[in-house]
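Written below as structure tokens is the structure these notes are about.
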Amino acid sequence: MEQQTLFENNDSLPLAARLRPRTLEEYVGQKHLMGEGKVLRRLIESDRISSMIFWGPPGVGKTTLARLIANKTKAEFIDFSAVTSGIKEIRTVMRQAEENRRYGEKTIVFVDEIHRFNKAQQDAFLPFVEKGSIILIGATTENPSFEINGALLSRCKVFVLQALKTEDLIELLERALTDERGFGDRKVDIKPEMLEAIANFANGDARSALSTLEMVVLNGDYNGDTVTVTEDTVAQCTSKKSLLYDKNGEEHYNLISALHKSMRNSDPDAAVYWLARMLEAGEDPLYIARRVTRFASEDIGLADPRALEIAVAAYQACHFIGMPECSVHLTEAVVYMSLVPKSNALYTAYETAKKDALNMLSEPVPHVIRNAVTGLMKDLGYGKGYQYAHDTEEKLTNMQCLPDSLLGREYYKPTDQGLEAKFGARLEKIKEWKKSHERND
């Protein structure tokens, strides 16, 4: 657990650390979780915490929530870092937790950046979570579905934290100007529009907003106990993003839309320009890589199956080395996406099938393709008449796989673009063969 020494001076801490909320009332943002009567707030107030994962971008209050839980709970709270800890440290903490359990005491273990733990390290927590020796709280900026072991994730409730809104950040900045832990001991003369500019610059990140405020105040014009912050000072501290993201945060979505549509329109020059605009504005390269990966299947698909491989490889490269080095990997990906043949046949296929799936949720699976795992199922006709395609010369059968009500429905309609033309020709031959071998029963 973290302990404060007798020699630690809070004034030397960054503003964001000094202003960390001490009570639920001081917590800003995440009203869908922490508003009056909301589920997470009720769990914290009643000290009925179960194992959970906080997932969200940096600076939105994941670690702060853990600190508030530590202040409210009667359980022992152990603060654990995935960056500095390994299997040995985990086992030591687990032994302590198991000892606490024998004496009827709960132990909450908070793991910051839990996605940094490998599979073996995450597995070390599993038996203790299962038998209730610990309540695990993890914080991550990465999608838990990909970064947390399935067995561990299934025993945790995932709470999604969102980027803070501009009004949330302005509220936080105004508190920093009056709170004794912030700049409450002096008069800071700063216009409301400057606070708004700082909030917009932070792009939903409370830590970034407070750090920027601290920078502009420390670089303000001092006259006794009064500090005057000028527009020039704010502009110097926020110019990079303020030129690229408008005050409502809408430009974030405009830029990713511009990148997506430039690639769709086979314009590599425009695509690289919008990519550079986003990266130089401080956009998360992994966010861009995820959008490019979506594009690879939504707008290219089987016209060039390698597009998905390149997009995933670019994501991995961004994950491994980060900015600024990964900018060239993303450039390679967006240029490739721009130049290859395009097809939205996969996207259209799924969207059409989705409508039928939602409207016909009760359609039974045909008996012929059901799996007869018990004798009773076999007696009921499960799997009766099943044809194993690999046993035939053509590797094809005339077996019906769609429900009767959807028989003849076509979802995937290949285009003549790129390799998809070959897939389309193959599909036509399959359909012709099946039509010539239609069953009459």
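The values are calculated or read from the model by the stated rules, or taken from the named source; none is laboratory data. Since the structure is predicted, the reported quantities are computational estimates derived from the model, not experimental observations. In this analysis, Cβ positions are derived from the backbone assuming ideal geometry, glycine residues included, and neighbour counts consider all displayed protein chains. Note: accessible area is taken over every heavy atom of the protein model, side chains too, but ligands, DNA and RNA are not part of it. Shrake-Rupley method; radii C 1.70, N 1.55, O 1.52, S 1.80 Å.
Computed quantities for the displayed model
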{"quantity": "Condition met for Gly182 (modelled with pLDDT under 90 and under 23 Å from Glu89 (Cα atoms))", "calculated": "no"}
{"quantity": "Unique residue being in a helix (DSSP H, G or I), modelled with pLDDT under 95 and among the hydrophobic types (A, V, I, L, M, F, W, C) when the list is Ala296, Ala353, Ala311", "calculated": "Ala353"}
{"quantity": "Per-region count, the range 122-156, residues surrounded by 13 or more Cβ atoms within 10 Å (Cβ to Cβ) and within 15 Å of the chain's Cα centre (by Cα)", "calculated": "10"}
{"quantity": "Count of the range 225-254 residues which are outside any helix (DSSP H, G or I), modelled with pLDDT of 65 or more and open to solvent by 70 Å² or more (accessible area, probe 1.4 Å)", "calculated": "1"}
{"quantity": "Unique match (being outside any helix (DSSP H, G or I), in contact (Cβ under 8 Å) with a residue 24 or more places away in the chain, of a type in the set (A, V, I, L, M) and open to solvent by 70 Å² or more (accessible area, probe 1.4 Å)) among Val373, Val365", "calculated": "Val365"}
{"quantity": "Evaluation of Arg91 against (1) of a type in the set (D, E, K, R); (2) open to solvent by less than 60 Å² (accessible area, probe 1.4 Å); (3) over 26 Å from Ala163 (Cβ atoms) (one fails), failing number", "calculated": "(2)"}
{"quantity": "Residue in the range 14-24 that is closer than 28 Å to Ala202 by Cα, over 22 Å from the mean Cα position of the chain (by Cα) and without any contact (Cβ under 8 Å) to a residue 12 or more places away in the chain present", "calculated": "yes"}
{"quantity": "Any pair with Cβ under 7 angstrom, 6 or more apart, that starts in the range 174-185 at a residue that is under 16 Å from Gly220 (Cα atoms) and ends at one that is open to solvent by less than 40 Å² (accessible area, probe 1.4 Å) and β-branched (Val, Ile, Thr)", "calculated": "Leu177/Val188; Phe183/Val217"}
{"quantity": "Hits in the range 391-441 - residues which are open to solvent by less than 50 Å² (accessible area, probe 1.4 Å), in a helix (DSSP H, G or I) and within 30 Å of Tyr336 (Cα to Cα)", "calculated": "Glu420, Ala421, Gly424, Leu427"}
{"quantity": "Among residues of the range 191-224, those that are over 30 Å from Gly56 (Cβ atoms) and surrounded by fewer than 14 Cβ atoms within 10 Å (Cβ to Cβ), counted", "calculated": "5"}
{"quantity": "Residues being at positive phi and buried (at least 16 other Cβ atoms within 10 Å of the Cβ) - total across the range 102-121", "calculated": "1"}
{"quantity": "Qualifying residue in the range 315-329 (condition: touching a His at 6+ places or on another chain (Cβ under 9 Å), modelled with pLDDT of 90 or more, open to solvent by less than 80 Å² (accessible area, probe 1.4 Å) and assigned to a loop (DSSP other than H, G, I, E, B))", "calculated": "yes"}
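The rows are residues; the columns are (1) within 30 Å of Asp416 (Cβ to Cβ); (2) open to solvent by 40 Å² or more (accessible area, probe 1.4 Å).
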{"position": "Thr331", "(1), (2)": "yes, yes"}
{"position": "Asn344", "(1), (2)": "yes, yes"}
{"position": "Tyr350", "(1), (2)": "yes, yes"}
{"position": "Lys384", "(1), (2)": "no, yes"}
{"position": "Ala389", "(1), (2)": "yes, no"}
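For (1) under 22 Å from Pro268 (Cα atoms); (2) without any contact (Cβ under 8 Å) to a residue 40 or more places away in the chain, each residue gets a yes or a no:
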| position | (1), (2) |
| --- | --- |
| Ala311 | yes, yes |
| Ile321 | no, yes |
| Met337 | yes, no |
| Ala353 | no, no |
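Results for (1) closer than 19 Å to Leu152 by Cβ; (2) in contact (Cβ under 8 Å) with a residue 40 or more places away in the chain; (3) open to solvent by 10 Å² or more (accessible area, probe 1.4 Å), shown as yes or no for each residue.
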{"position": "Gly37", "(1), (2), (3)": "no, no, yes"}
{"position": "Leu40", "(1), (2), (3)": "no, yes, no"}
{"position": "Ile44", "(1), (2), (3)": "no, no, no"}
{"position": "Ser51", "(1), (2), (3)": "yes, yes, yes"}
{"position": "Gly61", "(1), (2), (3)": "no, yes, yes"}
{"position": "Thr64", "(1), (2), (3)": "no, yes, yes"}
{"position": "Arg67", "(1), (2), (3)": "no, yes, yes"}
{"position": "Thr73", "(1), (2), (3)": "no, no, yes"}
{"position": "Phe77", "(1), (2), (3)": "no, yes, yes"}
